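For reference, the structure discussed in these notes is given below.
The numbers here are math on the coordinates, done by the rules we state, and not lab data. Note that the structure is predicted; figures quoted are calculated from it, not measured. Here the Cβ positions follow ideal geometry from the backbone for every residue, glycine too, while neighbour counts run over all protein chains shown.
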Amino acid sequence: MSAITASTALWYASRATGIISLVLLSAAVVLGITVNRQGRLPGLPRFAVTGLHRNLSLIAVLFLAVHVLSAVADSYVSISLAATIIPFVSSYEPFWLGLGAVSLDLLAVVLVTSLVRSRIPRRAWRAVHWLSYGLYPVAVVHSIGSSTDLQSGWLLTVTVACLAAVAGAVVVRLRRSTTAVPRFRRVITALDDAAAGSAAGRQAAERGARR
Amino acid sequence: MNQQLRVNPIACTSHGLCAELLPERVSLDEWDYPIISSEPIPPGLRKAARRAVTDCPALALLLTERR
Amino acid sequence: MTATHALPRHDRRATGPGGLPRLLQAMDLDAHLDAYGPPPYRGARQLIEVVAAAGLTGRGGAGFPAARKLTAVAEAGRRAVVVGNGAESEPTSCKDKQLLWIAPHLVLDGLQLAAEAVGATRAYLYVHPHPGLHQQLGSALAARAAAGLDRAEVQLMSAPPRFLAGEESAVVSRINGGPALPRFKVPPTFQRGVAGAPTLVHNVETLAHLAQIARGGASWFRAAGTAEEPGSMLATCRRADGTSRSPRRPSARHSASCCGSPSCPARRSWSAATTAPGLPARTPLRCRWPTPGCARPARQSAPGCWPRCRPAGAASPKRSGSCATWPPSRPANAAPASAASPASPPGSPSSPRPGRALGSAPTWSGGRGWPNAAAPATTRTAASASCAAPLPCSPASSPRTRTASARPQATARSCPSPSASPPAKPTGPDR
C-alpha cells in the first residue's frame, strides 16, 4: 500500500471525497423520493425529512467541490478547470471525466434553482429538479469508470448498496406515479361522476313519479 | 405592516410541515391539510413563517402583506 | 329545440308590483330595441354610480356588490376584459340558461355597458353547451353586429358541462386555454385574469339587471325587493321529485305551479333551488316552470302564489290546454283596456309570467320609453298589494271557488283559441 505523501495527498483527497459525495448523493436522492411520497423517518418530524434531504444535498455539494478542486489542483494528472465544467475536453480520461462534468453541470443547475426555490415559479423549480434523476446515474458511471477504486473490494459493496437503495426508491416512485391517477384527472372524474349521479338520481325520481 | 399566511389549496398536497413549523397559526385537519388562522403574523413569528413558506415541499404557502 | 325559434314580441304591460317580472320577457332584437332602445352608453363613471345607488349585488350566488367589482376593475389601470358568466353549473338551476334563451339582448346590453364602464374592448360570454342555445346566442350577436349596437367585441365560449366550470377562476382559466378548474387567485381576477388583463366576471343575470338599471335608474330598481336586498332575482323552482318541467298531460297532482310562498301547502311537494343567497321571503318568486300549452296565468288568485293558466270560464284547471299559447297571436301593442273585454285577446304572452297585473294600467310610457317609476305599477287590489307578504296559497283548490271571490280578476281576458302550435319550450338538461 502506497503511503500518502504530500504529492499524492490531493489525489487521495479527490478520490476519497468523490466516494463520500457519491454516498451522500445517493442518500439525498432516496430522501428526496421519501419527501415526495410523504414518507416519515422513525422518530423524526416531517420537516426533518425535508431538512435532511436539503442538508445532505448541500453537504454532498461541499464534498463534491473539494473533490473537483483537489482533482484540478493535483499535479499528478493534468485536469484543467475547464474540463470539469465542459464535458469531454479533458486530456486525461476524457470520457469518464466528461461524464463527471455533465453531472456537475446538472447538479449546479439543480442547486441554484433550489436555493432560490421560493422566488421562482413552482413549475420551473420542479422541472429543473427532475434533472436529479438524470444526474445521479451519470455520476455513478463516472465514479465507477474514472478510477479502479470502486471496482473491487468493500468500496464495490458500498457502491452496489447505494445503487440498490436508489433503485428501490425509484421503483417505489415510478409505481406510484404510473398507477396513481393524476390529481387533475381525479378532479374531473369526480365532478363528472357527481353530475352523472345527480342526473341518474333525477331520472330515477322521474321514472318513479310517472309510475 | 402585518403579514398573513395563505395557502394555495390547489397546490397543497398535505405534507403537513407547515403545522410543525408554525403551530401558532397552522393546524391540520383530519386529512392533514392545513387550516390557517387569519390572525396576522407578529414580528416574532416571521422567521418561522418564512421557514414554513420555503420548506413547503409543494411551495403552496405564501406570505402576503396585510393591509 | 331548433335554432329558428322566433322569440315573441314582448308585452310591455306591467305585471306585478315593482313591474315584475322584469327580466323574463322574451324578445328578439326588434322587440328589444322597440322596448328598450339601444344600449345607453354614457360614460363609465355614471354607470358605476347608478349601479352603486341601486345596490345591485351579484346574482351568481356570492352576492358581491356589483359596483365594487366594477370600480376595482375600472381602477386597475390597464385594458380590461369582461366576461358574462352564464355557466351556472348548479345541477338543479337553469335560470341563467332560461334568461339567455328568453332575453339574450338584455344580457348582451349589460355586457356592453359593463365593458364601457371598465374600459374593455373585449368581452366573452361563457355558456354551458346546450342544444340550440349557442346558435341562438350566435345569431343574437350577429344581429347586434349588423345593427351596430356593440362596441366591445363579444366572443362566445363554451363551458364544460360540469360543476365548478362556472367558478370565477375556472372561467378565467378556461378562457385562457386551460382546464375549467378553479385556480389559486393570486393576484385576484380583477387585477390579472384573461390574458393577464384585469377581468370583470359577472353572472348573466347581474348583467341583465345592469342593462335595466342603466335605463331605469336606481330608484326603479329599488322599487322591487327590500331595502337590504333591492331588486328582483331569478330562482329555479323545482318539485321535490327533481323535475322542473311540467308534464305533458296536466293532472290535478301537477296543478300546483305555486312556489316561493313559505306557507303554501303545495310547498311540501316542492323544493326550491335558488342560486341567490338570502332570498327574502317577501320577494315574490317567479316560477320558470313553463306550463304546457299555457304561457301565462289567467288570474292571480293569491299573492305569492302563481296559479296555472286556465281559460276564462273554464271549470277545471285540466283544460288549460286551451289557454293562450306561446308564441302569441297578436302584436305587443295591445291597449291595456282591452284586457277587460273578453272579446279581444290579450297581449302577447311571453315566457311564463305569473303575477300578471289584475286589470292593470300599463307602466310603459310607450315606444322606447322606460316605465315611469312614479306611476302606479298596477291597479292594485288589496290582495296584490299584500303580495309581498306570503299568504297561504291553495293551488289544488278548485278554481270554481275562486271565481266567487270578490277580488278583481283578469279572467275577463279570454285566452285566444290555440291557433299557434304549442310553444317550443327550451329543453335539454335541466342543469
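Here is a yes/no grid of residues against (1) touching a helix residue (DSSP H, G or I) at 6+ places or on another chain (Cβ under 8 Å); (2) within 14 Å of another protein chain (Cβ to nearest Cβ); (3) assigned to a helix (DSSP H, G or I); (4) farther than 30 Å from C:G166 by Cβ:
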residue	(1), (2), (3), (4)
A:L99	yes, no, yes, yes
A:D105	yes, no, yes, yes
A:A124	yes, yes, yes, yes
A:A127	no, yes, yes, yes
A:R175	no, no, yes, yes
A:V187	no, yes, yes, no
A:G197	no, yes, yes, no
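Would you mind telling me which numbered condition in (1) within 21 Å of the chain's Cα centre (by Cα); (2) farther than 30 Å from A:R185 by Cα; (3) of a type in the set (A, V, I, L, M); (4) crowded, with 24+ Cβ neighbours inside 10 Å C:V118 fails? C:V118 satisfies every listed condition except (1). Please verify whether A:R117 is under 30 Å from B:A52 (Cα atoms) and part of a loop (DSSP other than H, G, I, E, B), treating the condition exactly as stated. Yes, satisfied.
Rundown of residues vs (1) charged (D, E, K, R); (2) more than 14 Å from chain C (Cβ to nearest Cβ); (3) exposed (fewer than 13 other Cβ atoms within 10 Å of the Cβ), yes/no style:
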position: B:L5; (1), (2), (3): no, no, no
position: B:N8; (1), (2), (3): no, no, no
position: B:A48; (1), (2), (3): no, yes, no
position: B:R51; (1), (2), (3): yes, yes, no
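Identification of strands (runs of 3 or more DSSP E) wholly contained in segment B:1-50 with 3 or more residues that are touching a residue at least 12 places away in the same chain (Cβ under 8 Å) yields B:2-7.
Anything in segment B:11-32 that is surrounded by fewer than 16 Cβ atoms within 10 Å (Cβ to Cβ) and more than 9 Å from chain A (Cβ to nearest Cβ)? List them, or say none. Hits for segment B:11-32 are B:P23, B:E24, B:S27, B:L28, B:D29, B:E30, B:W31.
Considering only residues in segment C:171-192 that are away from chain B (no Cβ under 11 Å) and either in contact (Cβ under 8 Å) with a residue 40 or more places away in the chain or aliphatic (A, V, I, L, M) (or both), the one that is surrounded by the fewest Cβ atoms within 10 Å (Cβ to Cβ) turns out to be C:Q191. Condition check for C:A159 on (1) away from every other protein chain (no Cβ under 14 Å); (2) of a type in the set (A, V, I, L, M, F, W, C); (3) crowded, with 20+ Cβ neighbours inside 10 Å: one failure, at (1). If the condition is being closer than 11 Å to A:V138 by Cα and buried (at least 21 other Cβ atoms within 10 Å of the Cβ), then segment A:78-103 contributes A:L97, A:L99, A:G100, A:A101, A:S103.
So in segment C:130-159, with the set limited to residues that are small (G, A, S) and touching a residue at least 60 places away in the same chain (Cβ under 8 Å), which one is farthest from C:I102 (Cα to Cα)? If we take residues in segment C:130-159 being small (G, A, S) and touching a residue at least 60 places away in the same chain (Cβ under 8 Å), then C:A152 is farthest from C:I102 (Cα to Cα). In this structure, does C:A180 turn out to be over 21 Å from C:A44 (Cβ atoms), assigned to a loop (DSSP other than H, G, I, E, B), small (G, A, S) and more than 24 Å from the chain's Cα centre (by Cα)? The answer is yes for C:A180.
If we scan segment B:8-23, do we find a residue that is at positive phi and touching a Ser or Thr at 6+ places or on another chain (Cβ under 8 Å)? Within segment B:8-23, not a single residue is at positive phi and touching a Ser or Thr at 6+ places or on another chain (Cβ under 8 Å).
The residues of segment C:193-229 that are on the phi > 0 side of the Ramachandran plot and surrounded by 19 or more Cβ atoms within 10 Å (Cβ to Cβ) amount to a single one, C:G225. Got at least one residue in segment A:49-61 being more than 24 Å from A:R175 (Cβ to Cβ) and not in a helix (DSSP H, G or I)? Among the residues of segment A:49-61, not one is more than 24 Å from A:R175 (Cβ to Cβ) and not in a helix (DSSP H, G or I), which makes the answer no. For segment A:52-76, a residue qualifies if it is surrounded by 14 or more Cβ atoms within 10 Å (Cβ to Cβ) and touching a Phe, Trp or Tyr at 6+ places or on another chain (Cβ under 6 Å), and exactly one does: A:D74.
For A:S132, the requirement of being within 14 Å of A:S26 (Cβ to Cβ), surrounded by 12 or more Cβ atoms within 10 Å (Cβ to Cβ) and either in contact with a His (Cβ under 8 Å, 6 or more places away or on another chain) or basic (K, R) (or both) is not met. Just checking, does segment C:93-103 include any residue being buried (at least 24 other Cβ atoms within 10 Å of the Cβ), more than 22 Å from C:G217 (Cβ to Cβ) and of a type in the set (S, T, Y)? No.
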